[in-house]
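Taking it in order: structure first as structure tokens, then the write-up.
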Ligand SMILES: [Zn+2]
Ligand SMILES: [Zn+2]
């Protein structure tokens, strides 16, 4: 059984592209960039507020509400702009690969 040390400043993270990839926080950003290329057919969406968040399309709306990178209800200009860009794009402009 794994135990996450709450005092560790560098807890391991699970790669959103492959749950068997356990990566240290320090390497996580580089890792998901690499995995994004490897799994380029993945339909995970990059969070408009934090590039380290990769979210499944159907979870995106709820993620927008609880994403720790934004203060709920107090979107600043940058956040609002990103959110609008994301909302305009929508998750549905992606090719539906018939799952
Ligand atoms: Zn990975
Ligand atoms: Zn996020």
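No lab work stands behind these numbers, since they all come straight from the coordinates. None of the values given here were measured: they were computed from a predicted structure. Note: ideal-geometry Cβ built from the backbone for every residue, glycine included; neighbour counts use all protein chains shown.
From least to most packed, judged by other beta carbons within 10 angstrom and beginning with the fewest, 85, 56 follow the order 85, 56.
Each peptide among 45-52, 17-24 gets the average number of other Cβ atoms lying within 10 Å of its residues, and from highest to lowest they stand as 45-52, 17-24.
The modelled label-to-label distance for the pair residue 43/residue 88, using points 7 Å beyond Cα in the direction of Cβ, is 2.4 nm.
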